[in-house]
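Every read-out reported here was derived from the displayed coordinates using simple, explicitly stated rules and does not represent laboratory data. Remember, predicted model here, so these are calculated numbers, not experimental data. So basically every Cβ, Gly included, is an ideal-geometry build from the backbone, and we count neighbours across all protein chains shown.
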Amino acid sequence: MKNGRIKVRDDSSKWIGGRRFFAKIWPAIICFLLFALNSVAIAQPNAKNVLILFHYPAPVVDPAYVEQIESLLRVRVPGPVNFYIEHMDATRAEDQDYQQNLTDSLRNTYRGRKLDLVMLSGYPSLDLVLRHRNELFPGVPIVYFSLETRKVAGRTWPGITGVTETQDVKAVIDLALRLHPETDTIAIITGKSDVETFWLGELHSELLRDRNKVKEIDLVDLPADQILQRVDQLPPKTIVFFELLPRESIQSAIGVWDILAQIGQRHPTYCIFPYECVGRGAVAGIESSGRDEVITLAVTLAARVLSGEQVDNIPVVHPSGIQTLADWRQLHRWNIPQSALPKDTRFYNRDPTLWESYRRYIIPGIALIVVQALLIAGLLLQRARQRKAEAGLRESEKRFRVMADTAPAFIWMCDARGKMTYLNDRWLTFTGADSAAGPGDTWITFIHPDDVANMLDSLSRGLKDQQPFSTECRMRRSDGVYRWIFDVASPRVNGDGSFAGFIGSAIDTTDQKLAQQALEKVSGQLIEAQEKERTRIARELHDDICQRLALLSMELDQVNGGRQPLPTAAKDNLKEIQEHCIELASDVQSLSHQLHSSKLYLLGVAAAIKGFCKEVSKQHKVEIQFTESNVPGNLPSDISLCLFRVTQEALHNAVKYSGTTRFTVELRGMAGTVQLIVSDSGEGFDVEAARKNRGLGLVSMQERIHLVQGTLSVESQPGKGTKILAVVPLIAENGNSSMDTVGEDAGQVKVAIEE
């Protein structure tokens with residue numbers, strides 16, 4: 001048992017030939033077969049059992065033919081399938097003793113064995129089963145194949161179906177006469193079995209048409225040596241029809257196919273069943289339908305039966321179509337051109353063509369040539385592209401130099417180590433450097449000594465990080481005057497993506513610096529003038545208006561409390577006027593404090609801001625939480641004033657626009673700085689939009705913070721409140737205000753630049 005399959009190959013002819021030996025070992029063989037079959041049945045209780053009976057002896061049947069049937073059926077039937085293979089000798093099918101012995105052998109072998117299907121190859125096997133069906137396979141469905149249609153025409157049997165074949169004898173004769181038009185004799189070599197006699201009669205019937213053209217010679221049931229002798233005596237223009245069935249009972253040193261090969265060397269030989277003799281000595285033949293097609297159809301019918309379909313409901317299949325088979329060597333032997341055969345002819349023993357013989361060498365050779373050609377083409381293309389790229393690079397470099405030399409900026413380039421490789425004409429003209437000397441490291445001599453370290457440090461960091469950087473320094477002009485320049489550098493890359501250095505551009509910013517210093521000085525002067533005017537107005541309000549309002553209030557009080565009684569209505573009016581006068585005096589005093597807080601100079605910025613918060617809280621009916629921590633008591637006056645004014649502006653804006661009544665003011669001293677934070681949780685606003693609209697409040701606070709060298713940041717979003725943070729560095733006073741110092745610094749910068 002192998003792969004769930006048992007093959008039992010019976011050779012009945014040998015059993016007859018060696019009857020005495022077989023009689024001795026018969027019981028042992030039967031026991032062994034029964035034991036093996038029982039083992040398979042136990043191992044695979046659901047397996048299908050299929051018996052295939054061939055009408056040819058075992059040595060004649062091609063094992064690949066059997067394997068093809070088994071593999072096709074296994075694919076179509078779910079579950080395991082067990083195959084049993086048996087053979088018979090068709091040439092002895094009419095021998096009664098042979099039939100009886102074969103029947104007994106099959107009955108004893110498969111007694112008690114449940115068969116699901118019997119497949120029969122050829123009419124002799126079908127005839128044997130029909131005669132002894134009740135003894136051998138009662139009730140077992142049968143599928144036959146490889147049967148001539150005329151043998152079963154109009155005949156049906158219960159539980160039997162199959163696939164027939166129609167051999168066109170006339171077409172084979174016509175093919176032979178067409179390929180050999182000079183033929184005058186046809187010799188027929190066959191036996192005297194029932195099958196061979198049938199086909200001999202078919203050949204006689206078809207040759208009657210050509211009896212006036214060719215003569216017929218029959219060589220029937222001759223021994224092998226006599227067949228070859230008679231063939232040697234045939235006329236030269238003779239073709240042979242070989243219809244001798246293979247048999248094992250011939251005790252000759254030469255077999256049937258050996259006889260065919262010998263005859264094929266002497267005369268053109270043809271046969272009715274080409275798939276048996278073409279390739280073994282016959283020239284050609286016509287097959288009614290391909291053997292593969294017949295096998296496929298038979299296996300399909302068998303699969304339907306094994307799947308449970310009633311065999312009586314499955315009609316017999318009669319395939320159509322023909323296939324010409326030819327032996328390539330025999331065609332060349334008898335000088336028959338390939339064009340004389342149909343285009344769909346299937347050839348045996350065909351000599352391989354030059355391509356087929358040397359394909360394993362031709363394909364790699366062609367592939368190698370193609371690869372080499374592609375490599376050469378690629379190299380040429382790459383060279384052309386390289387030349388084009390080099391030309392484009394030269395053109396691009398030329399355009400760059402023209403653009404760089406005419407640009408209103410100082411343009412430079414350095415390599416990956418920081419060595420200067422290019423300086424444009426404007427840079428050379430500005431500095432008065434010698435263009436013939438090359439850029440090298442001479443550029444550093446034109447940088448102000450105080451700025452060299454910073455410049456080299458910036459370049460070193462840029463080379464290390466390979467990131468853009470900017471720097472500001474003073475560069476000596478050709479007339480010896482140092483000018484401020486602002487330099488921006490970006491990294492360059494090579495074609496392979498590696499870092500190549502930097503390319504930078506610089507512009508002269510001296511005029512902008514002077515303008516900026518001038519603006520800062522004017523701004524400081526304007527703020528200083530504003531503070532002076534605030535102080536003057538505050539003093540006028542406090543010393544004049546407030547005093548006069550107080551005197552007016554006292555006079556009204558004297559009139560209301562005089563010796564002469566006044567009407568009640570007049571007293572009430574005077575009292576109301578006096579209250580308005582007192583309220584007006586309070587408002588004027590508050591305005592005076594806002595314009596100029598005496599607490600700021602007497603008690604410091606913390607007390608001033610705290611008092612201002614109380615006044616705003618009382619005046620606008622809001623809650624302001626003020627906290628202060630670590631604020632130095634000796635802050636410079638300009639810083640104190642700046643922080644106080646920023647607080648005023650921030651609270652006024654918050655009270656006016658925030659939509660809330662709770663505010664927080666924090667003043668705290670840090671290491672070297674003072675921080676002021678004014679925040680609320682009100683409506684907030686868009687900071688960028690406010691900056692674009694140039695709101696005076698933000699501008700005023702920014703200008704004041706800038707004058708004391710501080711920073712101002714505004715954090716706000718719609719619906720998320722506002723936070724204003726002012727950070728001012730502590731600057732010790734030395735007799736001048738910070739605004740005066742800024743003005744002096746601006747003047748010093750101007751003098752340094754002009755020098």
Report task. Calculate, in nm to one decimal, what T156 and T445 gain on full extension: separation in residues at 0.36 nm each, minus their alpha carbon distance. Result -> 92.1 nm
Query raised in the report: Whole-Hz Karplus ³J(HN,Hα) for region 617-629, in order, using 6.51 cos²θ - 1.76 cosθ + 1.60 and θ = phi - 60°, x for Gly and Pro?
Result: 4, 6, 6, 9, 6, 10, 10, 10, 9, 10, 9, 9, 8
**Report entry** Magnitude of the charge dipole, region 407-508, Cβ model with Lys/Arg +1 and Asp/Glu -1, debye to 20
**Finding:** 40
Report task. Report the extension gain between K388 and N335 in nm, rounded to one decimal, defined as 0.36 nm multiplied by the number of residues separating them, less their alpha carbon distance. Result -> 12.7 nm
Report task. Report, by chain and number, residues whose modeled amide H sits under 5 Å from the one on E287, excluding near sequence neighbours (fewer than 5 apart, same chain). Result -> Q323, T324, L325
Query raised in the report: So what are the ³J(HN,Hα) numbers for region 387-401, from phi and the Karplus equation (6.51, -1.76, 1.60; θ = phi - 60°), rounded to whole Hz, Gly and Pro as x?
Result: 4, 5, 5, 5, 5, x, 5, 5, 5, 5, 5, 5, 5, 4, 5
Query raised in the report: Can you sort E615, E165 so the residue with the fewest Cβ neighbours within 10 Å comes first?
Result: E615, E165
Requested in this report: Give the long-range amide H neighbours of E165: residues separated by 5 or more places, or on another chain, with amide H under 5 Å away, using H modelled in the peptide plane at 1.01 Å from N.
Outcome: L147, E148, T149
Query raised in the report: Most exposed first by the Cβ proxy, i.e. fewest other Cβ within 10 Å, how do L635, L393 rank?
Result: L393, L635
Report summary line: Cα-Cα pairs in region 286-339 separated by more than 13 Å, as a whole percent of all pairs, come to 69
Query raised in the report: For T421, which sequence-distant residues (separation of 5 or more, or a different chain) have an amide H within less than 5 Å of its own amide H, given hydrogens modelled in the peptide plane?
Result: M413, C414, D415
Query raised in the report: For H620 and E715, FRET efficiency with R0 = 22 Å and r from the beta-carbon atoms, rounded to 0.05?
Result: 0.40
Report summary line: Expressed in nanometres to one decimal, the distance between label points 7 Å along Cα→Cβ at L603 and N313 is 11.5
Report task. Would you please classify the overall shape of region 407-508 from the alpha carbon gyration tensor, given that a ≥ b ≥ c denote the square roots of the eigenvalues, rounded means a/c under 1.5, and beyond that prolate means a/b larger than b/c while oblate covers the rest? Result -> prolate
Query raised in the report: How far apart, in nm, are the 7 Å Cα→Cβ label points at E688 and D457?
Result: 3.4
